[in-house]
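The values are calculated or read from the model by the stated rules, or taken from the named source; none is laboratory data. Quick caveat: nothing in here was measured; it's all calculated off a predicted structure. Here the Cβ positions follow ideal geometry from the backbone for every residue, glycine too, while neighbour counts run over all protein chains shown.
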Amino acid sequence: MFEPLRVRSYLLDTHTALWWAAGSSRLSEPAKNIIKSKDNTIFLSVVSVWEAAIKSALGKMPLPGKPGPFFEALAQRSSFTVLPVHLSHAAGVHSLPPVHRDPFDRLLISQAIIENLVLISDDQVFKDYSLPGLVF
């Protein structure tokens, strides 16, 4: 019996996107395989660009260039779909449990829940949220 190919959709955490761009060994093999697979849709959130831009300007997150061109090139080169922030994503943060206070993480979590995306991250705090899925 023929079974159609199931396409999964994933959302990259900021560090996951940066590790992918750098070819870092910190990214797990399962995560690398998911990101490489043409059968999956990989989303890069504008939240990650915002976080990296702020932290880079403060000297807390080195980037190999200006955030805008860097992330645009990454998305194009890796065939990532850029996920904008919608009103529902921002408002969705309100209903999240107060597990931690990082506004970037909380907005990524809200996006993953609302858009039904599996989050790819190494951040253990994400386990405390009711996500559609999580890959470390």
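Out of S121, S95, S110, one residue alone is at pLDDT 90 or above, surrounded by fewer than 17 Cβ atoms within 10 Å (Cβ to Cβ) and of a type outside the set (A, V, I, L, M). It is S95.
To keep it simple, each residue is scored yes or no on (1) closer than 19 Å to Y10 by Cα; (2) surrounded by 16 or more Cβ atoms within 10 Å (Cβ to Cβ); (3) in contact with a Leu (Cβ under 7 Å, 6 or more places away or on another chain).
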residue	(1), (2), (3)
K32	yes, yes, no
K36	yes, no, no
T41	yes, no, no
K55	no, yes, no
M61	no, yes, no
P64	no, no, no
V82	yes, no, yes
H100	no, no, no
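Of the residues making up the stretch 20-51, those that are over 16 Å from L74 (Cα atoms), among the polar types (S, T, N, Q) and in contact (Cβ under 8 Å) with a residue 12 or more places away in the chain number 2. Using the structure shown, decide if E29 is under 16 Å from S121 (Cβ atoms) and under 12 Å from the mean Cα position of the chain (by Cα). It is false that E29 is under 16 Å from S121 (Cβ atoms) and under 12 Å from the mean Cα position of the chain (by Cα). Sort through I54, I109, I113 and tell me the only one that's more than 20 Å from K32 (Cα to Cα), touching a strand residue (DSSP E or B) at 6+ places or on another chain (Cβ under 8 Å) and without any contact (Cβ under 8 Å) to a residue 24 or more places away in the chain. None of the others qualify; the one that does is I109. Suppose we filter the stretch 1-24 for residues that are closer than 20 Å to L131 by Cβ and either modelled with pLDDT of 95 or more or touching a Gly at 6+ places or on another chain (Cβ under 9 Å) (or both); how many remain? Qualifying residue count for the region: 12. Annotation: of all residues in the stretch 25-78 being among the hydroxyl-bearing types (S, T, Y) and in a helix (DSSP H, G or I), the one that is nearest to I114 (Cα to Cα) is S48. Kindly indicate whether any position in the stretch 63-75 is among the aromatic types (F, W, Y) and at pLDDT below 95. No: zero hits.
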